[in-house]
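The values are calculated or read from the model by the stated rules, or taken from the named source; none is laboratory data. These figures come from a predicted structure and were not determined experimentally. Glycine gets a Cβ as well: all are built from the backbone with ideal geometry, and neighbour counts include every protein chain shown.
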Amino acid sequence: MTAVTKNKKRFSPENRVLGSFYGTNNGPTILIFAGIHGNEKAGVYASEKVISKIAERNIRFKGNVHFILGNINALNKGVRFEEFDLNRIWRNEHFEDPIKTSAGLIAERKEQIEILSIVKAILLNEPGPFYFLDLHTTSAPSVPFITISDSLNNRKFSSNFPVPVVFGIEEFLDGPLLTFINEYGHIALGFEGGAHEDPSSIVNCEAFIWKALVHSKCIEKGNVPEYSTYQKVFENLCCKYQFFAIKYRYEIKPDEDFNMRPGFKNFEPIKKDALLAFSNGTPIPSPRRGRIFMPLYQEQGEDGFFVLKKISKFWLWLSIIARRLKFNHFLRLIPGVNQDPENNYTLIVDPKVARFMTLPIFHLFGYRQQIYKDDKLHFIKRDRKVTIFP
Ligand SMILES: [Zn+2]
């Protein structure tokens with residue numbers, strides 16, 4: 001089969017919404033993003049395939065489905081982004097003070113404004129519940145996997161898919177789209193379909209979309225053409241139904257000459273001190289034992305690689321109990337831990353006072369470290385009530 005980008009199709013901003021389908025009123029609204037990174041076209045082609053099947057077969061469903069293109073300018077140029085990663089600018093600060101270059105606003109700001117206005121219109125006019133799905137691919141060969149912010153509703157929905165699920169990427173990345181969406185309480189899953197150029201990444205993304213439509217109770221299994229073949233796509237994968245936490249990120253500095261050693265596959269087990277990459281010719285050993293994750297085999301990107309640790313079933317269970325019983329209210333009684341007066345979901349932690357408080361305790365209660373401001377750590381709760389955008 002030919003590589004994914006052999007297709008030189010052009011995309012236009014007028015067709016940013018690739019397709020919208022309106023079913024009966026008693027169902028969810030699903031928003032599917034593809035091409036947030038312009039060199040990741042598998043999700044776009046998978047969306048187009050699903051759209052034409054829904055239209056051809058006139059598939060009936062409950063609720064509504066929208067397919068939305070991401071970085072159209074970068075998709076047409078075949079690059080991850082033009083000036084700034086569109087998946088790193090979804091923070092309130094970026095809306096108040098958008099990133100500029102000497103030539104003016106970055107190209108990605110225009111894409112962001114257009115996406116945001118489409119999303120807002122859908123959120124305001126449709127009843128929900130809302131499911132946000134964001135389709136990506138990776139530069140290294142990989143089994144398909146899901147990334148989520150660790151809220152219980154995200155966990156529950158992602159457990160429908162027999163693929164590995166990775167928590168907590170938002171502690172390492174600044175301003176991804178889905179973290180922003182998650183702060184309004186909506187279900188939001190990132191799906192990585194496989195390597196950028198591997199044609200099976202399109203099939204994986206297509207299978208993910210159909211399964212998501214079925215498990216959100218939007219479409220009945222029996223109405224999906226050849227549903228059993230999509231089910232088979234996820235058979236025989238490594239690490240299925242396993243949850244992983246990110247324990248380490250290798251950040252590439254500007255002007256650093258980073259070279260990943262060839263041949264690493266996502267989720268491959270690695271030993272402590274295993275030689276992973278070279279930085280300006282100096283070897284980079286693995287800081288810990290675990291699984292290699294997202295090793296960088298492309299020019300653009302600031303994440304060299306991540307190291308994962310498998311999350312135990314006991315921890316998953318304990319965190320559900322702790323959150324259901326709302327034990328998190330006790331966290332703010334601890335010296336050095338204060339409620340943010342402006343945001344109910346944020347705890348501000350003075351690391352000098354609350355030194356014994358370790359990150360895993362906050363993770364257990366569903367809090368993730370978001371920013372470090374004025375010598376304080378800000379932890380944001382992932383489980384929250386649904387609200388429409390401000
Ligand atoms: Zn991506």
query: Here are some conditions: (1) free of Cβ contacts under 8 Å to residues at least 60 places away in the same chain; (2) crowded, with 20+ Cβ neighbours inside 10 Å. Residue 202 meets all but one. Which one does it not meet?
result: (1)
message: Residues that are within 29 Å of residue 326 (Cβ to Cβ) and out of contact with any helix residue (DSSP H, G or I) (no Cβ under 6 Å at 6 or more places or on another chain), at least 3 per element: which helices (runs of 4 or more DSSP H) completely within the stretch 73-167 meet that?
response: 152-158
task: Within the stretch 81-135, track down each residue that is more than 16 Å from the ligand (Cβ to nearest atom), crowded, with 16+ Cβ neighbours inside 10 Å, free of Cβ contacts under 8 Å to residues at least 60 places away in the same chain and under 20 Å from the mean Cα position of the chain (by Cα).
output: 109
- prompt: Do you know which residues across the stretch 265-286 are surrounded by fewer than 14 Cβ atoms within 10 Å (Cβ to Cβ) and in contact with an Asp or Glu (Cβ under 9 Å, 6 or more places away or on another chain)?
  reply: 280, 281, 285
query: Here is a list of conditions, (1) free of Cβ contacts under 8 Å to residues at least 40 places away in the same chain; (2) under 26 Å from residue 129 (Cβ atoms), and residue 33 meets all of them except one; can you say which number that is?
result: (1)
statement: Reported set for the stretch 55-73 where residues are buried (at least 24 other Cβ atoms within 10 Å of the Cβ) and over 30 Å from residue 301 (Cβ atoms) is 63, 65
message: Just the residues that are more than 30 Å from residue 86 (Cα to Cα) and in contact with an Asp or Glu (Cβ under 7 Å, 6 or more places away or on another chain), please, taken from the stretch 287-328.
response: 323
message: Given (1) within 16 Å of residue 384 (Cβ to Cβ); (2) part of a loop (DSSP other than H, G, I, E, B); (3) aliphatic (A, V, I, L, M), identify the lone condition not met by residue 296.
response: (1)
field: the stretch 228-251, residues that are part of a loop (DSSP other than H, G, I, E, B) and surrounded by 12 or more Cβ atoms within 10 Å (Cβ to Cβ)
entry: 234, 237, 238, 239, 240, 241, 242
message: When the residues of the stretch 136-152 are narrowed to those that are within 16 Å of the ligand (Cβ to nearest atom), under 13 Å from the mean Cα position of the chain (by Cα) and not β-branched (Val, Ile, Thr), which ends up nearest to residue 79 (Cα to Cα)?
response: 136
message: Given the condition more than 16 Å from the ligand (Cβ to nearest atom), assigned by TED's automatic domain parsing to the domain that holds residue 172 and of a type outside the set (S, T, N, Q), answer yes or no: does some residue in the stretch 32-47 qualify?
response: no
query: Could you list, in sequence order, the residues of the stretch 252-285 that are out of contact with any Pro (no Cβ under 9 Å at 6 or more places or on another chain), farther than 25 Å from residue 194 by Cα and part of a loop (DSSP other than H, G, I, E, B)?
result: 253, 254, 255, 256, 257, 280, 281
task: Tell me which of these residue 277 doesn't satisfy, since it passes every other one: (1) of a type outside the set (Ser, Thr, Tyr); (2) more than 23 Å from the chain's Cα centre (by Cα); (3) not assigned by TED's automatic domain parsing to the domain that holds residue 261.
output: (3)
- line: Selection from the stretch 216-227 of residues in a helix (DSSP H, G or I) and over 16 Å from residue 23 (Cα atoms) yields 222, 227
Which numbered condition residue 388 misses (of (1) in a helix (DSSP H, G or I); (2) among the aliphatic types (A, V, I, L, M); (3) loosely packed, with under 14 Cβ neighbours inside 10 Å): (1)
